[in-house]
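> What follows is a single structure, and I will ask about it in a moment.
The values are calculated or read from the model by the stated rules, or taken from the named source; none is laboratory data. Computed from a predicted structure; not experimentally measured. Note that we place each Cβ from the backbone using ideal geometry, even for glycine, and neighbour counts take in every protein chain shown.
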Ligand code: R5P
């Protein structure tokens with residue numbers, strides 16, 4: 001029922017108080033729509049500005065991967081200790097409880113399998129924006145192949161994903177892939193990350209490299225560092241620490257978590273670096289203590 005009486009009594013207009021400034025904490029997203037910002041706030045923790053994403057999309061090119069033989073068993077164990085789940089629609093639908101409140105970053109591209117030996121040769125858009133909405137994902141991940149034969153096709157896919165993402169307020173994560181013949185140089189990552197941001201990506205998943213602070217500074221959107229092949233736990237934690245210290249706003253790791261001798265302890269140790277600012281040495285001590 002309309003409350004005409006209540007309206008007449010409204011009086012606390014704070015005339016002397018200027019409007020509250022609506023700044024936004026995610027780099028490069030200040031001019032985005034409310035829905036886009038709301039989704040980004042589920043990906044990046046508003047208190048720290050950072051994120052810990054769990055990547056478990058390996059099966060889409062590698063088949064059953066060590067540590068990920070059973071998605072339905074392994075992922076729920078790690079779910080409580082990460083901020084975002086990054087996977088394929090097949091993995092999410094079959095193996096993640098829809099009652100989970102964890103934000104989803106959905107892999108949106110298909111790529112060549114390991115049988116082709118170099119995934120950077122070909123790829124395409126694997127699903128439409130309706131699928132992102134249907135699954136209620138907060139982010140759309142697009143693999144890109146800068147500097148390799150697949151570059152032009154992957155940029156076309158990225159541009160169309162940005163178009164549809166912007167239409168519905170869904171942020172796009174552009175993923176930097178490094179081809180077999182390519183070197184992981186600072187120059188390459190400076191080029192690739194900046195180029196992807198200028199094509200409209202809202203965040204970039206890339207690798208750690210020398211002079212990473214230059215890469216982070218030159219990229220107008222947040223960088224999330226990928227894990228890569230399994231490293232000894234102390235080295236993986238060092239990479240996380242150096243990434244965050246150099247300006248990364250989070251990590252998106254798979255094998256260095258689920259192939260660890262203690263995946264849960266590894267998640268917790270990574271969180272402490274990313275969200276609490278502890279050093280890699282402290283994080284490794286914590287990891288060892290959790291493992292006792
Ligand atoms: C990147 O290309 C994909 O998202 C990978 O499946 C993911 O990054 C693999 O994670 P990690 O290298 O940490 O095992």
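> Look at the range 243-252 and say how many of its residues are out of contact with any helix residue (DSSP H, G or I) (no Cβ under 7 Å at 6 or more places or on another chain) and near the ligand (Cβ under 9 Å from one of its atoms).
Taking the range 243-252 and keeping what is out of contact with any helix residue (DSSP H, G or I) (no Cβ under 7 Å at 6 or more places or on another chain), we get 245, 249, 252.
Filter once more, so that each one left must be near the ligand (Cβ under 9 Å from one of its atoms): 252.
Residues that pass the stated criteria total 1.
> Further question: Can you find a residue that is out of contact with any strand residue (DSSP E or B) (no Cβ under 7 Å at 6 or more places or on another chain) and surrounded by 19 or more Cβ atoms within 10 Å (Cβ to Cβ) anywhere in the range 92-108?
Among the residues of the range 92-108, not one is out of contact with any strand residue (DSSP E or B) (no Cβ under 7 Å at 6 or more places or on another chain) and surrounded by 19 or more Cβ atoms within 10 Å (Cβ to Cβ), which makes the answer no.
> Within 16 Å of the ligand (Cβ to nearest atom) and under 15 Å from the mean Cα position of the chain (by Cα), is that true of residue 63?
no
> I'd like the full set of residues that are more than 10 Å from the ligand (Cβ to nearest atom), surrounded by fewer than 17 Cβ atoms within 10 Å (Cβ to Cβ) and farther than 19 Å from residue 154 by Cβ, limited to the range 199-230.
210, 211, 213, 214, 217, 218, 220
A quick yes/no check of all residues on (1) farther than 22 Å from residue 175 by Cα; (2) at pLDDT below 95; (3) within 16 Å of the ligand (Cβ to nearest atom); (4) loosely packed, with under 11 Cβ neighbours inside 10 Å:
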| residue | (1), (2), (3), (4) |
| --- | --- |
| 11 | yes, yes, no, yes |
| 16 | yes, yes, no, yes |
| 20 | yes, yes, no, yes |
| 28 | no, no, no, no |
| 39 | no, no, no, no |
| 42 | no, no, no, no |
| 50 | no, no, no, no |
| 59 | no, yes, yes, no |
| 70 | yes, no, no, yes |
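> Residues of the range 141-167 being within 16 Å of the ligand (Cβ to nearest atom) and assigned to a loop (DSSP other than H, G, I, E, B), which ones?
Answer for the range 141-167, where residues must be within 16 Å of the ligand (Cβ to nearest atom) and assigned to a loop (DSSP other than H, G, I, E, B): 145, 146, 147, 148, 150.
> Restricting to the range 83-109, what's the tally of residues that are under 22 Å from residue 167 (Cβ atoms) and within 13 Å of the ligand (Cβ to nearest atom)?
5
> Please work out if residue 240 is under 25 Å from residue 104 (Cα atoms), modelled with pLDDT under 95, within 16 Å of the ligand (Cβ to nearest atom) and buried (at least 16 other Cβ atoms within 10 Å of the Cβ). Reasoning before the result, please.
Details: under 25 Å from residue 104 (Cα atoms): yes; modelled with pLDDT under 95: no; within 16 Å of the ligand (Cβ to nearest atom): yes; buried (at least 16 other Cβ atoms within 10 Å of the Cβ): yes.
No: the conditions fail for residue 240.
> Same structure, new question: With respect to residue 195, determine if the residue is more than 12 Å from the ligand (Cβ to nearest atom) and within 26 Å of residue 62 (Cβ to Cβ). Before you say what the answer is, go through the steps one by one.
Values: more than 12 Å from the ligand (Cβ to nearest atom): yes; within 26 Å of residue 62 (Cβ to Cβ): no.
No: the conditions fail for residue 195.
> Shifting gears a bit: For the range 261-292, name all the residues that are in contact (Cβ under 8 Å) with a residue 60 or more places away in the chain and either within 16 Å of the ligand (Cβ to nearest atom) or in a loop (DSSP other than H, G, I, E, B) (or both).
263, 267, 270, 271, 274
> Kindly indicate whether any position in the range 168-177 is under 18 Å from the mean Cα position of the chain (by Cα), at pLDDT below 95, surrounded by 23 or more Cβ atoms within 10 Å (Cβ to Cβ) and part of a loop (DSSP other than H, G, I, E, B). Write out each step before concluding.
Of all residues in the range 168-177, those under 18 Å from the mean Cα position of the chain (by Cα) come to 169-177.
Applying the additional criterion that residues be at pLDDT below 95 yields 177.
Now restrict to residues that are surrounded by 23 or more Cβ atoms within 10 Å (Cβ to Cβ): 177.
If we keep only those that are part of a loop (DSSP other than H, G, I, E, B) as well, we get 177.
Yes: the range 168-177 contains one or more residues that are under 18 Å from the mean Cα position of the chain (by Cα), at pLDDT below 95, surrounded by 23 or more Cβ atoms within 10 Å (Cβ to Cβ) and part of a loop (DSSP other than H, G, I, E, B).
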